[in-house]
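Right, one structure below, let's go through it.
The values are calculated or read from the model by the stated rules, or taken from the named source; none is laboratory data. Remember, predicted model here, so these are calculated numbers, not experimental data. Don't worry about glycine lacking a Cβ; one is built from the backbone with ideal geometry, like all the others, and counts go over all protein chains shown. With ligands, DNA and RNA removed, areas are computed over all heavy atoms of the protein, side chains included. Shrake-Rupley method; radii C 1.70, N 1.55, O 1.52, S 1.80 Å.
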Amino acid sequence: QVQLVESGGGLVQAGGSLRLSCTASGRTFRGYGMGWFRQPPGKEREFVAGTSATTYNTYRTNSVDGRFTLVRDNANTLTLQMNSLKPEDTAVYYCAAARGRSASSREDEYAYWGQGTQVTVSS
């Protein structure tokens, strides 16, 4: 069956860095968008960054632009490099594979989800 597995979360001090990885198995996602979402404590899940089938990267408005870098390593592997982390970046981070080619910010445009990895940024 299809599985998306995230890794790389953890505890880091403000200003530090983490690299999240996502590996999909069970089928190829060549030709499909992939992305990262996050859910801060007590809040709804939100789009962080995504890449379309043509590897065009998109970012959430301002809050991570310039700090987070998304790389589509291959059809089934996605990396999110997070630098200059802030306490407000604390969240469970989820990898997702889209239903189509685009990197949508809408959750319902994604068909497959990982279990999530916790990122905690201390002040």
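Eigenvalues of the alpha-carbon gyration tensor of the range 28-99, scaled by 5 and square-rooted, set the equivalent ellipsoid semi-axes at 21, 13, 10 angstrom, largest first. Between residue 1 and residue 65, the simple spin-label model (points 7 angstrom out along Cα→Cβ) gives 3.9 nm.
Sequentially through the range 7-21, phi angles give Karplus couplings (6.51, -1.76, 1.60; θ = phi - 60°) of 8, x, x, x, 9, 9, 7, 3, x, x, 10, 9, 10, 9, 10 Hz, Gly and Pro residues having no value and appearing as x.
3J(HN,Hα) along the range 107-116, derived from phi through the Karplus expression 6.51 cos²θ - 1.76 cosθ + 1.60 where θ = phi - 60°, amounts to 4, 6, 8, 10, 9, 10, 9, x, 7, x Hz, with x in place of Gly and Pro. Computed with the Debye formula from one identical point scatterer per Cα of the chain, without solvent, the log10 of I(q)/I(0) at q = 0.11, 0.13 Å⁻¹ comes to -0.31, -0.44.
In the range 64-115, inverting the average of 1/r over every pair of distinct C-alpha atoms gives 12.6 Å as the Kirkwood radius. Surface composition of the range 10-123: carbon and sulfur make up 45 percent of the accessible area, probe 1.4 Å. With 0.36 nm allotted per residue and the present C-alpha distance subtracted, the residue 11-residue 101 stretch has 29.1 nm of extension available. Ordering 66, 105, 51 by Cα displacement along the dipole of the range 26-123 toward the positive end leaves 51 in first place; charges were set at the Cβ atoms of Lys, Arg (+1) and Asp, Glu (-1). For the range 14-88, the relative contact order is 42 percent, taking Cα pairs closer than 8 Å that sit 6 or more residues apart in sequence and dividing their mean separation by the residue count. What distance in nm separates the simple spin-label points at residue 81 and residue 43, each placed 7 Å from Cα in the Cβ direction? With each label placed 7 Å out from Cα toward Cβ, I get 2.5 nm.
For residue 33, the amide hydrogen comes within under 5 Å of the amide hydrogens of 53, 98, 100, 101, 102, counting only partners 5 or more places away or on other chains and with H modelled in the peptide plane.
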